Amino acid sequence: MAAEVLPVDQIKKRVGQDIGVSDWLQVDQKRINAFADCTGDHQWIHVDEEAAKSGPFGKTIAHGYLTLSLLPYFSSGISIIPEGTMMAINYGMNKLRFITPVAVNKKIRDRVTLSNIEEKGGGRYLVSTTHTIEIEGEAKPACVAETLTMFFTQ
């Protein structure tokens, strides 16, 4: 799936609609350990496979922030971009909830919905998207996050 470049008036008509769904990505122990090394968060529920067997989840789980950090990977091909965009920057988040832990070796994917677009003047547009990180075989998502992106247009 590729990013869609659209005039702002067409983007406004898509508010509230799904933009797309990413492919599945398996979250393995190697990825969890690498994230722990990057962040310094080596809590046993993430990196100690033996101890985690007798823990609350029965195996290691991904860090919530690891799941969140995968949003750019998932949404690289799932986005709507205003025509004439020169650059875009992360602007923050409105909401973030970690709902279901991602157990090691589970597959996750991102379902993206266009939440809002707001003109900020000077060719800037603030776009909010809702990301629902689904876990294969699970009823509840891993994470729901409403992210903000500022687009700078010509």
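The values are calculated or read from the model by the stated rules, or taken from the named source; none is laboratory data. Since this is a predicted model, take the numbers as computed values, not measurements. Using ideal geometry, Cβ is built from the backbone for each residue, glycine included, and neighbour counts are taken over all protein chains shown.
Taking the conditions (1) crowded, with 17+ Cβ neighbours inside 10 Å; (2) of a type in the set (Ser, Thr, Tyr); (3) outside any strand (DSSP E or B) in turn, residue 128 satisfies each one other than (3). When every residue of region 107-117 is checked against the conditions, at least one turns out to be at pLDDT 95 or above and more than 16 Å from the chain's Cα centre (by Cα). Pairs linking a residue in region 86-97 that is farther than 12 Å from residue 124 by Cα to a residue that is acidic (Asp, Glu) and at pLDDT 95 or above, with Cβ atoms under 6 Å and 6 or more positions apart or on different chains, are 94/146; 95/146. Being surrounded by fewer than 15 Cβ atoms within 10 Å (Cβ to Cβ) and either without any contact (Cβ under 8 Å) to a residue 12 or more places away in the chain or basic (Lys, Arg) (or both) is the requirement here; does residue 9 meet it? Yes: the conditions hold for residue 9. Inspect all residues belonging to region 6-13 and state whether any of them is assigned to a loop (DSSP other than H, G, I, E, B) and in contact with a strand residue (DSSP E or B) (Cβ under 8 Å, 6 or more places away or on another chain). Yes, the conditions are met somewhere in region 6-13.
Every test in (1) surrounded by fewer than 18 Cβ atoms within 10 Å (Cβ to Cβ); (2) of a type outside the set (Gly, Ala, Ser); (3) closer than 18 Å to residue 108 by Cβ; (4) in contact (Cβ under 8 Å) with a residue 24 or more places away in the chain is passed by residue 83 save one, and that test is (3). Taking the listed residues 92, 16, 55, the one that is outside any strand (DSSP E or B), at positive phi and modelled with pLDDT of 95 or more is 16, with no other qualifying.
For region 101-123, residues that are of a type outside the set (A, V, I, L, M), assigned to a strand (DSSP E or B) and surrounded by 14 or more Cβ atoms within 10 Å (Cβ to Cβ) total 7. Here residue 73 does not qualify as over 20 Å from residue 21 (Cβ atoms) and among the aromatic types (Phe, Trp, Tyr). Looking only at region 34-52, which residues are assigned to a helix (DSSP H, G or I) and loosely packed, with under 15 Cβ neighbours inside 10 Å? Of everything in region 34-52, those that are assigned to a helix (DSSP H, G or I) and loosely packed, with under 15 Cβ neighbours inside 10 Å turn out to be 34, 37, 38, 39, 44, 49, 50, 51.
Considering 59, 30, the condition of being more than 15 Å from residue 108 (Cβ to Cβ), surrounded by 12 or more Cβ atoms within 10 Å (Cβ to Cβ) and among the basic types (Lys, Arg) is satisfied by 59 alone.
Within region 19-33, the only residue that satisfies the criterion of being within 30 Å of residue 49 (Cα to Cα), among the aliphatic types (A, V, I, L, M) and in a strand (DSSP E or B) is 25. Search region 19-31 for residues that are more than 11 Å from residue 133 (Cβ to Cβ) and pair each with any residue that is outside any loop (DSSP other than H, G, I, E, B) and modelled with pLDDT under 95 when their beta-carbon atoms are under 8 Å apart and the residues are at least 6 apart or on different chains. Pairs that qualify, where the first residue is more than 11 Å from residue 133 (Cβ to Cβ) and the partner is outside any loop (DSSP other than H, G, I, E, B) and modelled with pLDDT under 95, are 19/4; 19/80.
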